[in-house]
Amino acid sequence: AMSVLLVACQNDEAPATGQAVSEVANTQINLVPYPTSITQSAGHFTFSGSVKLITDDNAPDSAAAISALLSQLGIKQTENDNAVIRLVIDPSLTLGDEGYQLAINQGIEIKAANDAGLFYGVQSLRQLLPAKAQEQYVLPHIRIEDQPQYEWRGSMLDVARNFQSLDYLKQHVERMASFKLNKLHLHLTDDQGWRLEIKSWPKLATVGGSTQVGGGPGGYYTQEQMRELVEFAAQHQVEIIPEIDLPGHTQAAIASYNELACGYVTESPVQNQCRDMVGEARLGLYEGTCVGFSALCTSEKPDLTYRFVEEVLTEVAAIFPSKYLHIGGDEVLNEEKTSFAGFITQVDKIVASLDREVLAWEEASKGDIRPSSLLQLWNDNYDIQPALDKGIHLVLSPCSYTYLDHGNYNGQPETYTWCAKEGVPLERVYSLTPENYAQAVGVEGAMWSELVRDEATADNRNWPRLAAIAEVSWTPQAQRNYEQFTGRLSELRGHLDQLNIQYHKEAQLNWQ
Ligand code: TNX
């Protein structure tokens, strides 16, 4: 009772900055993604260099997150402080698996039914507080109730075309978490690189991982490193979704084990400059950017092919605890070599035997996969209806809204334009309306990396557009408004700086 009284006294003080209370009551609340409901009332809560922090023993991730936030701002934790921040698990809350309630009044209290919800409450508090340490913090009296509309709020990194360091992946996880994104899809294998150690097929990594687009050293992750990432991500409420792209996009595997290939390539790859890929199959490493030419030789060598797939996926499942294993399935131009539909059906059986579900690109709808599978939609006009009729749900990555390897603006150098001639600007990303798609579980931004050679470029392509992906997947349509979104996001520039993000200096956010 004593401390409650002290807290109350502290909050009756006028803010040192001298604003009138009525002004504070109208504070613009710069949260991205925008929460379900905000109720602001007159008054403010003020604290300075220290707080008393009470966390919940059953919620280690949110406890770590709030401690990290306080130490970032140089706010000390003291036992008998008047200012109290409290995180409490309250199983009676009905805000879903990820929802939370954040109340700022006599102090700060975050409630949720579990650690994930509390963690997201902390992320909101992080955005309400200034990016950098200040002498005094003044927060409006506010009550936020919040929960996501969609369970899948994803970011895909293509680490196959160009390798990214483990440290960069961890950084990316932290940045995602601060915008409440929760699925990091790693495109681990492709023609230009195999990035995951597989102990039963060791050359996949040592040979298949030894280069990248344009040449260069490539690289791969050991299983131990990936386990470390999985754990780190879980502490940030991010699930790692591994993708092993099959049966096409497999040149790195073929270069490692030539016997996986048929002798020749029949279909010509889509792009004109790739016509000469037809003919005798390549057996070496590939550093170009053609797609669709490589394939496992399922039709002629089923035993070898399925043994390969089963041994690889068994190791993958042992590293990554995700419910879904992404098996690729995109852009196979030599369908008869791979017996494409039958192959997908068979791989689903392998995945089922591992107690997992299939996630695959939309073309995999040609196979007979379980209704519990997910398909990732990428062509804006693909006929996915037959899969929907089976009960299959969708991860939405329609390329003209979510392909972040396309330009932030019309004509941005080193970007693709095949899906959208004028690029995929922030406003375009924000205009995606997942509510218009049946059976969607959420949205994912895809950052293919043929043209992304370094971390600065990866950051530039992902940010700030991933913030729009976060809002369209978290916030219901009735509460989305581009003008307000840019107003809020624009104010969070310092927070992006704090995360060392080398974002695109978006003109619509006045970030020049
Ligand atoms: C298509 S979309 C691909 C990738 C490329 C990308 C480039 C899809 C499932 N596959 O292999 O990297 O275009 O934008």
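Overview of results
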| item | result |
| --- | --- |
| Gain upon complete extension [Y482, Y409; 0.36 nm per residue less C-alpha separation] | 24.6 nm |
| Cα-based reach from K52 at 26 Å (exclusive), listing lysines while leaving out same-chain residues under 8 positions away | K76, K111, K132, K180 |
| Sorted peptide list for 475-485, 183-193, 440-450, criterion being average Cβ within 10 angstrom, highest first | 183-193, 440-450, 475-485 |
| Mean separation of Cα contacts under 8 Å, 6 or more apart, over the residue count of the chain: relative contact order % | 14 percent |
| Normalised alpha carbon radius of gyration of the chain [divisor 2.2 N^0.38 Å] | 1.04 |
| Over the chain: helical MRE at 222 nm, DSSP H runs n ≥ 4 each giving -39500 (n - 2.57), nearest 500 | -9000 deg cm²/dmol |
| Antiparallel bridges, percent of DSSP beta bridges restricted to segment 152-509 (to nearest 5) | 15 percent |
| Trypsin sites (Lys or Arg not before Pro) lying in DSSP loop within segment 279-329, provided at most 15 other Cβ fall within 10 Å | K323 |
| Residue-span extension gain [V278 to E300] - 0.36 nm each, minus C-alpha spacing | 6.1 nm |
| Nearby lysines by direct alpha-carbon distance to K199 (threshold 23 angstrom, same-chain neighbours under 8 apart not counted) | K301, K323, K349 |
| Positive-pole candidate from A317, I254, A65, dipole of the chain, charges at beta carbon | A65 |
| Two-site FRET efficiency, N26 against Q134, from Cβ-Cβ distance with R₀ of 25 Å, rounded to 0.05 | 0.75 |
| Length-normalised contact order for segment 347-415 - Cα pairs under 8 Å, 6+ apart - percent | 24 percent |
| Relative contact order (%) - segment 232-374, alpha-carbon pairs under 8 angstrom, separation at least six | 27 percent |
| Ranked packing of 66-75, 237-246, most packed first, by mean Cβ within 10 Å | 237-246, 66-75 |
| 20 Å cut-off, amide nitrogen to a point 7 angstrom out along N510 Cα→Cβ, residues in segment 454-496 | 464-465, 468, 481-496 |
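Read the figures in this text as sums done on the coordinates, not as results from a lab. Please read all numbers here as calculations on a predicted model, not as lab measurements. Note that each Cβ is placed from the backbone with ideal geometry, even for glycine, and that neighbours are counted across all protein chains shown.
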